[in-house]
Every structure is written in structure tokens, then in C-alpha cells.
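Following: one structure in C-alpha cells, then a few remarks.
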Amino acid sequence: MDKKSIYLADLTHNGLILSSNVFPLSIGLVGAYLLEKKPELYEVDLFKYPEDLSNALEQNVPQVVGFANYSWNYDISRQYAKIIKKLWPGTIVVFGGPNYGLTEQEIEQFWQCNPNIDFHVVQEGEEAFLTLLERLREVEFDVGRLKSTRMKIGNVHYSVGEEIIKGDALPRLKLEDIPSPYLMGLMDKFFDENLGPMIHTTRGCPFSCAFCTEGSKYYNIVSQRESQLEKEMHYISQRVKGPRDLFISDANFGMFKQDYEKARIIAECQEKYDYPKYVHVSTGKNQKERVVDIVKKLNGAVSMAASLQSTDPDVLANVARSNISVDKLSEAGQIANTNDTGTYSELILGLPGDSIAAHKQSLRDTVEMDFDNIRMYQLIMLPQTVLNTPDNRLKYNMKTKHRIMPRSFGRYRVAGEEFVSVESEEILISNSTLPFEDYIVCREMDLTVEILHNGKVFAEIQGLCKAMNLSWFDFIMLFFEQRRNLSPDITKMYDDFRTGTSDRLWDSAEELAEVVGKDIENMLKDERGTNEMSTGKATAFFVLFQQINDALFSLMENWLAKLGKLDPITKDYLVELKQFSLMRKRKLLSMETSENESYSFDMTRAEQHSFKILPRELKTQSVQKYHLVYDTKQIKLLSAYSEEFGGSFDGLGKMLMRYPHIHRLFRKPVLAA
Ligand code: SF4
């Protein structure tokens, strides 16, 4: 019997630079499950890059194309669906994924807007896709015949005229029942220079956050993948070619007792293959002692997360997040910090009840809890989330706009047809407690924390504040208040950020797509990209570093003088520390070193103490000469990053945002002989 050809695509945009550099695991799992159950009936090919899908379609027209439907690839997948239906009407188009609203209104709208999609798989996809193919096989892949029966297929929706047929929810699968797409060889083609492998060791989340897809009841049961992980990790580690990163799509890594064994396996690979260097994963929200213990086993490769979203009790109650203990999170963050484990916290601006005061307090709490990085997000109105309902929109007077998803646009071609595609997302820009103007102020506050605090870029001043018992956050706020009085270039950076935050917003996705369609040539040439936070950070670090460094040290001197804490030694130290801070970081990617720098303070000791030491303890008897150099590990990392992100401004911004440990790349002081 001829096998039917099935294409599964989880596309990424690559018009400007690669938008997603992660293996397409979700379609791998769907394909692996299908091939395990029906190897004699189906052939499966997986796709990530648009040009690969185009080439394959030009050479072989499949029976079915399944597209993973996420907010970052919805439009490009729809555009492919349109061309497939035009050129090869017999090919069946199936979408599946979380970017599908579950209210009646959203469902109706989806089917009105998508005449080229035959079926949509909702929630868990493996069993649903298999069953759908089986039903189609019974009618010889005649979509019209199947639809005319109006049969319900578990986890599958489709439209027949005005009517929408919705299959009942299937019981959740056990993750152990899905074979590894890696071990089946399905993912081999993705081991290239660009993509980082992703694994999935736990599915589901016990929490119920109102803004999150996994907060729904359906995903509250958690299932674990245990038996295949060891083989899978060794398989991956032997083949990885691109970034030495591992992505784990678990929602709460380290929270479950099974995670001890998973960490042991990953650590074994680190030892044997020097991989993974960096693990991208959300760590658990509770059981923090266990999370810290597990994270510590991974040799600094994992940043410990404290995903607070807000520290305001009313805001937390409004989004059903009071179940996560803020005290325990902060305690754990501090333990992790003392173990050289990176830490980060997440905040979302604009949740119901948020305000300038509440957001500022959330920033203060997280900065003062000593998290290395604060990831500051806007509230995205995701489908399938409790917060995104007409009632809640009304209740909290939520005003939203559509923006271009960073790096997610491009011009593509298939079988002689050309199209422009852009992804957009709906974000909140004001609510009943946060007017638009306040929202913009909060965003500028976020940029300030991003450029001064994140990545420990100014650890010299941060450490000095700590040593002198002063609030680092108060100092950040001093800079924030003065941000438009420091230099014309710094003012312009904030003005550009404000423009990017407030101007590139549209009332609807259609309006946005029209504007992008007309301007695509310019957008593809503009290497600044469309993420204002990443552009601001790259500008601050790669273009205005010296100006910001000067401004900070000058503000610090004035502040200490005002507080009566500026003795002569501290004054001298500030002068030398300013120079030291500059020389460690200027032209970071150039590989230039700096020879014979003179200091009258012990800069090696200062650096070893993360600068949390008083100047008088560092004063030396005589001036000493230092070379500021990179060590071998830093050189390797820098060249890997340059290769991965290229030299474009957008690439540099992406690098700074993605790798929170930028301070690990700063030149180190070595005493000259
Ligand atoms: S935000 Fe995190 S903790 Fe909350 S439901 Fe989603 S995955 Fe779970």
C-alpha cells in the first residue's frame, strides 16, 4: 500500500534574521506518535524554515500539511495554506496549537477568516491528529465527504458552511506514551548551525494563572517523561552543531522529585560532551528548596526563575496568582545567587490593578531581591486565557493595540507565488488603574532597569551601593528621573524608545498587515528591528556605553556628596572605577585587550567581591598596572555568539536579551608582570 505523505511545519520567520532558533519539537512529537502507531500508512517530513517547505512542496505534493499554530507563525502558515489550496486543492490543511481562542466569538471569527484551513486541532495534538487522519483515510481523504457526516472528532474543530463542529476534549496522554522524535531520527535534519535542541520532560502545569494558556483546567494534570530522556540527551549531545544551548519546554523545571534524575542526566552530558552550556527553561514556582538544589547541579547553565509578574497583592489576586509564595521565591532567589547560579524574575506590566506605584514597587522588590535579570513584559492578550474574555476586558477597562512581533516578518516564495507575511500580537496599553501615559512612563522605567541592572552591566556601582548600605534601586531611579538631562544622545535613546512603544501600534491586525505590506522593503533593510527594548539595550551597551558610564559615575559622586558619604578615598575610587568599568566593556566583541592600565586600588579583589567592598579596603600602597583581557572560555563564547547573532544591530540586541550573563564576558583584570 502506498504510504500517504504528511508534511508537518512549525515555521519561523527569517526575513530579517532568524526569529526562532529552536528545534520544532511540537511537530516532532506529533510526527513520532503517528509513525509509531501507523508506520505502514504514513510518511512524515518536518519543516522549520519556509524555504525548505517551499522546495519540498515544489517537488512533492503531500496528502496533508499540518501547521503548528503559534502567535509567532500564524500569518505565515495561513499564507502557505492559501497558496496550497490555490495550487493543490486536493491537499488537506490542518492547523494545531494554542493560538486558537476557545470562546464562541473567537471560534466563529477564526473560521470566518480562514477558509483555507480544513481542520484545527485544539489542545493536545498527538492522538487527535492520528484520529483525524484515520477518519480521513476512511473517506479516501475526501474532506467534503468527511465534513458532510458532521462527525465529532476528539480535540478537532472544523466548519461546514456556517456550522462549526467541535469534537469533545480527549483525555490527556501520558508523556511517556509519546516516542522520542530524536531517537526516531525525525529531528536529525535540524542539527544545523542555527538551531538549539528542545526537549519536553514534563507536560502540564498545576497552577491556574489567568493570563496563561497552561493555566486552564485541561493542562492542570502534570505528566512526566522519564524512561527515554537519558538516551535522548546523549543522542542530542553527540549531534548538536549550533548554539550550545538546550531548551526545555517544561513550565516548572526543578519542582518535581523526578527532576533530580533529569538534572543528573543533563549534568552527565555537560561532563562528557561539554553540552549544554546554557539551559533555557522556566524553573518551578513552588518547592523552591528543591528547585535551587536541582538548578545547582547544572553548573551555572540554568538561571533560576522567580516569575512574580507583580508583587502587588491586589494585582496577584486579580490574576489568580496568590497561590505562589512571593516570600519563598525571594528567599530562593537569594540562596541561588550565593551559589553563582544566574537568577531572573519576570514582571508583566498592565495586569488588572497595576499602576505606576505598583509597577515601581514590583521593580524595587525584584531588584532588591538581587535577581540578576528582570524580564519585563507587556500583557499580551493570548487566546485560551481567562483574562482574555469580553467580561474581563470590560471589567478592567482594558484597552489594547496590535504591534508587530519582533523579527517576525518577511517576503517568501513558493511555486512562483510570492507573499509578504507579518505576525502581530495584541497588547494591553491601558486599563482602569493604568492610563496610557502612565503605561509609557512604566515602560521607560523598564528600559532603565534593562540597561542599568540586567546582566550586571554596572556591577561596579551596584556593588558599591551594597557595600555602602545604599539602595541600588534608589540610584537607578535617580538616573531614571534625570534621563532627559544627561546628554542629547541619551535623551534621544529614550525618545526613540517612547516612539517605538507608542507609535508602532495599530487598532487591528489587518491594519498593521496593510502598513507592513506597503513598507516591507524598508523593514527588511532596517537592521534596527522592531523590538524597542532590545534596540534600546543594544544602543545603550554598544553605542552609548561611555556616555552612560560617565553619567552614572557623575550622578553617584553627587549623590554620595549629598548624603555626606564622599570621603577622599571614595572620590578617588570613583574616578578609577569609572575607567575600569569602561575598559572592561568597551567594544566588547572586538576582542581588543587593554594593556598596562594603572590603578591605585586592588581591582582584582574588587572584581572577586563583585564590587561589594568598601574603597578603603582596596586601596594599595602604590599604583599597580593591570592588563584587561579575556580568558579562553570568554573567547570561545564570544566567537560563538558573534557567529550565532551576526553583526546586525538587531542581532546584537537579541544576544543581549537572550543571554542574561553578559557580565561573564567582560574583560578580566590581570596584574602586569
Ligand atoms: S504562568 Fe507558569 S505557573 Fe502560571 S499557569 Fe502558566 S505555566 Fe503555569
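Brief remarks follow.
- Residue in segment 182-195 that is at pLDDT below 95, within 30 Å of residue 231 (Cβ to Cβ) and within 16 Å of the ligand (Cβ to nearest atom) present: no
- Of 44, 64, 94, all but one fail to be of a type in the set (A, V, I, L, M) and in contact with a His (Cβ under 8 Å, 6 or more places away or on another chain); the exception is 94.
- The listed residue being crowded, with 21+ Cβ neighbours inside 10 Å, part of a loop (DSSP other than H, G, I, E, B) and charged (D, E, K, R), out of 354, 370: 354
- Just so you know, in segment 136-156 the residues that are charged (D, E, K, R) and within 17 Å of residue 38 (Cβ to Cβ) include one that is surrounded by the most Cβ atoms within 10 Å (Cβ to Cβ), and it is 137.
- Residues (without any contact (Cβ under 8 Å) to a residue 60 or more places away in the chain and more than 31 Å from the chain's Cα centre (by Cα)) located in segment 119-133: 131, 132
- Within the set 71, 54, the sole residue that is of a type in the set (Ser, Thr, Tyr), in contact with a helix residue (DSSP H, G or I) (Cβ under 9 Å, 6 or more places away or on another chain) and surrounded by fewer than 20 Cβ atoms within 10 Å (Cβ to Cβ) turns out to be 54.
- Annotation note: Cβ proximity below 6 Å between a residue of segment 427-451 that is within 22 Å of residue 473 (Cα to Cα) and a residue that is surrounded by fewer than 17 Cβ atoms within 10 Å (Cβ to Cβ) and among the polar types (S, T, N, Q) (sequence gap 6+ or interchain) occurs for 440/502.
- Answer from 431, 485 - the residue that is within 30 Å of residue 113 (Cβ to Cβ) and modelled with pLDDT of 95 or more: 431
- In the set 580, 666, 601, 611, only one residue is at positive phi, in the same structural domain as residue 523 (by TED's automatic domain parsing) and buried (at least 19 other Cβ atoms within 10 Å of the Cβ); that residue is 611.
- In segment 196-205, the qualifying residues are those that are buried (at least 21 other Cβ atoms within 10 Å of the Cβ) and assigned to a loop (DSSP other than H, G, I, E, B), and the one that is nearest to the ligand (Cβ to nearest atom) is 205.
This table checks each residue for (1) farther than 29 Å from residue 526 by Cα; (2) at pLDDT below 95; (3) out of contact with any Ser or Thr (no Cβ under 6 Å at 6 or more places or on another chain).
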{"position": "4", "(1), (2), (3)": "yes, no, yes"}
{"position": "9", "(1), (2), (3)": "no, no, yes"}
{"position": "19", "(1), (2), (3)": "no, yes, no"}
{"position": "41", "(1), (2), (3)": "yes, no, yes"}
{"position": "45", "(1), (2), (3)": "yes, no, yes"}
{"position": "63", "(1), (2), (3)": "yes, no, no"}
{"position": "92", "(1), (2), (3)": "yes, no, yes"}
{"position": "95", "(1), (2), (3)": "yes, no, yes"}
{"position": "99", "(1), (2), (3)": "no, yes, no"}
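- Among residues that are without any contact (Cβ under 8 Å) to a residue 40 or more places away in the chain, under 19 Å from residue 97 (Cβ atoms) and either assigned by TED's automatic domain parsing to the domain that holds residue 256 or away from the ligand (no atom under 16 Å from the Cβ) (or both), residue 154 is included.
- Filter result (within 29 Å of residue 426 (Cβ to Cβ), among the β-branched types (Val, Ile, Thr) and not in a strand (DSSP E or B)) within segment 29-82: 30, 76
- Qualifying residue in segment 632-644 (condition: over 16 Å from residue 244 (Cα atoms) and either in contact (Cβ under 8 Å) with a residue 24 or more places away in the chain or over 30 Å from the mean Cα position of the chain (by Cα) (or both)): no
The values are calculated or read from the model by the stated rules, or taken from the named source; none is laboratory data. Here the structure is a predicted model, which is why all the values come from computation and not from measurement. Using ideal geometry, Cβ is built from the backbone for each residue, glycine included, and neighbour counts are taken over all protein chains shown.
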